[in-house]
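Take a look at the structure set out below.
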Amino acid sequence: MQSMSKINRSDTSFTFGGTTNTVLRCDPRSRAWVEVDSKVIENNSRVLKNFIGKDCLLMAVVKADGYGHGAETVAKAALIGGADSLGVATLEEGIQLRNAGLKCQILILGNLINAEELYSSFCWDLIPTISGIREAIICNNIAENNNKKFLIHLKVDTGMTRLGCDCKEVQELISKIDFLENLSLKGIYSHLAIADKDLGSNTQGSFTQIQLNRFEKVLKDLGERNTLLCRHLANSAGTLSDKRLHFDMVRVGLSLYGYFPLNDFESNLNLHPALKVKARVTLVRDVEKGTGVGYGHCFKTQRKSKLAVAAIGYADGVSRTLSGKIFASIDGVLVPQVGAIAMDQMVFDITDKPDIKTGQVLTLLGTDGEVCISPQNWCDLSGSIPWEVLCSFRNRLPRVVT
Ligand SMILES: Cc1ncc(COP(=O)(O)O)c(C=O)c1O
């Protein structure tokens with residue numbers, strides 16, 4: 001069979017039927033994309049830093065690719081805004097930031113369990129979280145073999161029932177760690193389990209208060225030793241709700257990205273969302289009343305309608321469970337999504353905004369004029385949480401930093 005098309009991948013030209021064409025595929029805004037305003041992150045970081053005050057350090061939590069915003073972008077902006085250090089979940093996330101040239105302290109919030117990982121962490125100057133003596137000994141051996149100190153933070157479980165050693169074991173564990181000459185215990189921390197539920201109400205009498213009590217008891221039992229450590233407990237919800245949870249450092253994720261951990265939380269803090277999800281209209285069509293739309297025809301037009309096909313789907317991170325529930329904004333006007341969200345496309349009913357043309361841009365998430373569609377809006381419809389919505393946008397969506 002005769003080959004019709006010959007594509008030269010080293011440049012952007014291809015030949016088809018004897019003629020050479022140029023493919024301009026370099027614009028990340030050609031289909032669908034995530035837009036991130038790094039100045040907004042920078043400002044959120046500044047606002048949070050001012051809020052916690054000069055005696056408290058700010059850790060910007062940039063795990064999961066900076067909650068979907070792009071870890072490097074967020075990390076750099078947060079540090080400019082006043083963050084003191086970064087928190088990641090995995091070794092690879094830490095290495096990625098070092099490769100991007102970031103020199104600040106980086107704490108790995110997840111557990112590294114084998115010697116290879118811990119050795120990498122040591123080589124890349126990343127601080128591992130330790131929950132028990134097993135990993136502490138591995139770290140000490142690595143540092144001893146290299147004639148250096150290995151900086152670590154110890155995690156205590158005050159009620160999350162996940163990582164961290166038992167509160168009752170802390171003292172004994174720290175005495176053992178102090179005995180290991182090549183370890184340098186720099187911090188002690190715990191993680192709040194339901195601070196977002198306590199937000200806006202009084203922490204006192206809540207489970208967050210119980211966790212606070214447990215953390216304070218651990219510190220008190222350590223006596224003078226605890227004052228040499230960086231003590232930290234609060235996530236965004238803890239940071240915003242109760243200054244008693246701040247200690248020496250807070251670890252903020254969601255609020256850095258401009259969202260409050262609870263939808264109806266009243267706050268004067270000037271935090272703004274930095275992310276928008278946008279998609280282009282790839283086709284506009286007129287259809288008759290009673291036309292089935294998309295897979296399964298789960299939507300049928302109730303009137304003669306104008307529809308716009310948008311180039312974004314569940315493979316980009318918009319959950320199929322949102323089918324027929326969400327809206328997109330264009331020129332500050334909301335248009336409803338109809339029919340099943342497919343892998344790469346979804347359809348909007350633009351009958352009431354008929355001037356929309358092929359190539360125009362729909363905002364699915366974020367601010368567009370007076371309209372703001374937040375992850376929480378999607379969560380109210382899908383049962384998800386803002387953290388999950390933000391992390392769900394796939395690499396297929398280019399991140400465009402503005
Ligand atoms: C240990 C730890 N600290 C802080 C955070 C930041 O939480 P948030 O995004 O609620 O501020 C996280 C995120 O899950 C975490 O795992």
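The values are calculated or read from the model by the stated rules, or taken from the named source; none is laboratory data. Model, not experiment: these values are computed from the prediction. With ideal geometry, Cβ positions are generated from the backbone for all residues, glycine too; neighbour counts draw on all protein chains shown.
Looking at the stretch 143-165 only, could you name the residues that are more than 24 Å from the chain's Cα centre (by Cα), surrounded by fewer than 19 Cβ atoms within 10 Å (Cβ to Cβ) and over 18 Å from LEU229 (Cα atoms)?
GLU144, ASN145, ASN146, ASN147, LYS148
Considering the stretch 31-66 alone, what residues qualify as being assigned to a strand (DSSP E or B), within 16 Å of the ligand (Cβ to nearest atom) and of a type in the set (Asp, Glu)?
First pass over the stretch 31-66, keeping only residues assigned to a strand (DSSP E or B): 32-36, 57-61.
Narrowing the set further to residues that are within 16 Å of the ligand (Cβ to nearest atom) leaves 57-61.
Selection gives nothing.
Kindly indicate whether any position in the stretch 67-82 is over 18 Å from the mean Cα position of the chain (by Cα), at pLDDT 95 or above and outside any helix (DSSP H, G or I).
Yes, the stretch 67-82 contains at least one residue that is over 18 Å from the mean Cα position of the chain (by Cα), at pLDDT 95 or above and outside any helix (DSSP H, G or I).
Within the stretch 275-289, identify whether any single residue is part of a helix (DSSP H, G or I), in contact with a Phe, Trp or Tyr (Cβ under 8 Å, 6 or more places away or on another chain) and surrounded by 14 or more Cβ atoms within 10 Å (Cβ to Cβ), and answer yes or no.
No, the conditions are met nowhere in the stretch 275-289.
Which ranges mark the strands (runs of 3 or more DSSP E) fully within the stretch 95-212 that have 1 or more residues being in contact with a Cys (Cβ under 8 Å, 6 or more places away or on another chain)? Explain how you work it out, then say what you get.
Numbers: elements: 105-111, 127-130, 150-157, 183-189.
Result: 127-130, 150-157, 183-189.
Please find, within the stretch 83-118, the residue that is farthest from the chain's Cα centre (by Cα) out of those that are under 21 Å from LEU48 (Cα atoms), within 16 Å of the ligand (Cβ to nearest atom) and not polar (S, T, N, Q).
Restricting to residues being under 21 Å from LEU48 (Cα atoms), within 16 Å of the ligand (Cβ to nearest atom) and not polar (S, T, N, Q), the top hit is ASP84.
Look through the stretch 213-260, keep the residues that are of a type in the set (S, T, N, Q) and either closer than 10 Å to ILE188 by Cβ or not in a helix (DSSP H, G or I) (or both), and return whichever of them is farthest from the ligand (Cβ to nearest atom).
Pass one, the stretch 213-260, residues of a type in the set (S, T, N, Q): 213, 226-227, 235-236, 239, 241, 255.
Subset that is either closer than 10 Å to ILE188 by Cβ or not in a helix (DSSP H, G or I) (or both): 226, 235.
Numbers: ASN226: 19, ASN235: 3 Å.
Checked the stretch 213-260; the qualifying residue farthest from the ligand (Cβ to nearest atom) is ASN226.
Using beta carbons and a limit of 6 Å, which pairs, at least six apart or on different chains, have the first residue in the stretch 291-307 and in a strand (DSSP E or B) and the second one of a type in the set (S, T, N, Q)?
Taking only residues 6 or more apart or on different chains, the pairs are SER305/THR351; LYS306/THR351.
Out of the residues in the stretch 260-305 that are aromatic (Phe, Trp, Tyr) and more than 13 Å from GLY339 (Cα to Cα), which is modelled with the highest pLDDT?
Among them, the one singled out is PHE260.
Touching a residue at least 12 places away in the same chain (Cβ under 8 Å), surrounded by 22 or more Cβ atoms within 10 Å (Cβ to Cβ) and not aliphatic (A, V, I, L, M) - does that describe any residue in the stretch 110-119?
no
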